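Values quoted throughout were computed directly from the atomic coordinates according to the rules given, and no laboratory measurement underlies them. The model shown is predicted, which means the values in this text are computed figures rather than measured ones. Here Cβ is always computed from backbone atoms with ideal geometry, including for glycine, and neighbour counts include all displayed protein chains.
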Amino acid sequence: MSSDPEVRARIKLISERVSPAAEDCDVVFNGITGLLPVPLHVRAGVFDPSRGKSARRMAEAILAHPPPDNARVLEIGTGSGILSIIAFRQAHIALTAVDINLIAVACAHDNFTRNGVQAHCAVSDLFSAVQGKFDCIIFNAPTAHSSIKPGAKGETTLWDTTGTLKQRFVDSAIEHLRGPDAQILMMYARYRDYDSTPDLSRFDARKLLVESDAIGESGVLRLTPKAPSSGPA
C-alpha cells in the first residue's frame, strides 16, 4: 500500500470515476458522439468512457493521428467500442476489436452494429486471440499502482493489478506492427511513488496530451518502431 496520502487520495478518486457502469445506459461522450449516428450504449459491467479522462484523451489522439486509408487497425481492451468507432470514422480501415471481458465484446459488437461499423470482435487477453499485423494498435491501458490490489472492482478491464500489463503489451505489440510507419497509441500514467512505464527501447516514443502535477503525469504515448541500426561500416 502506498504510504503517500496524496497518491492514495488520487487513486481513490480514479476508482470512483472509472468504476464500470452499474446498469445499462446510453451516454454522451464529451461531444465526440457527434461522430456517431446513434447514442453510445454501455452495458452494466463495462467501462463507461464518459467518466474519467483517459478515453477522451485517447479519442483526441486518434483524431490527431488517424489511421491511413486501407489500414489494418486493432484495438486492445475495446470496452464499449467507442475508440474503434472513432478510428473507423476517420478512414476506410479493416478493424479488429478485442477485450478480455466477454460482456465488453458483446457491448462493442452492439455499438458497431448500431453505428454501421464493420469489425471483427473477439475475446482476447491482449494478443492471445489476435493474428496478423496491423498499421495501428490502440490501447487505453488500465491504471497500475502498487496500492491497487487484486480483487478491486472491475479489475480485469480497469486496473493492472500486477503492474506488468503494459510491458506484456509492448513486448507482443512490436511483433504485430506492419511496417516502419505503423503506430501504437497507448494511455499511460505514472505517480511520484510508482511508475509502470514499460521498456520502450524498441520504439520511438512521443508523449501526447500530457497532464501533470505534483502527484504524477498521464497522457498518451505514440509509439513507432525504431529503424534497425545499420551497424559498423
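Once fully extended, how much extra length lies between Leu13 and Asp171, figured as 0.36 nm per residue of separation less the alpha-carbon to alpha-carbon distance? Write out the running numbers ahead of the final one.
Working: separation 158, 0.36 × 158 = 56.88 nm, distance 3.05 nm.
Using 0.36 nm per residue and subtracting the Cα-Cα distance, I get 53.8 nm.
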#### Entry: region 101-206 - share of DSSP beta bridges that are antiparallel (%, nearest 5)
25 percent
### Query
Around Val98, with a cut-off of 12 angstrom between Cβ atoms, what is the net charge of the other residues, counting Lys and Arg +1 and Asp and Glu -1?
-3
### Task
Quote to one decimal, in nm, the extra length available between Arg178 and Lys149 on full extension: 0.36 nm per residue of separation minus the C-alpha distance between them.
6.9 nm
## Note on the structure
antiparallel share of DSSP beta bridges within the chain, to nearest 5, in %, is 50 percent
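Using only DSSP helix segments of four residues or longer, with each worth -39500 (n - 2.57), what per-residue ellipticity at 222 nm results for the chain after dividing by its residue count and rounding to 500? Present the calculation step by step, with values, prior to reporting the outcome.
On the way: 6 runs with 60 residues, N = 233.
Calculated at 222 nm, the ellipticity per residue is -7500 deg cm²/dmol.
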### Task
Quickly work out the Ala227-to-Lys133 label distance, labels modelled 7 Å from Cα along the C-beta direction, and quote it in nm with one decimal.
1.7 nm
### Query
Does the chain classify as rounded, prolate or oblate by the C-alpha gyration tensor (a ≥ b ≥ c root eigenvalues; a/c under 1.5 gives rounded; else a/b over b/c gives prolate, otherwise oblate)?
oblate
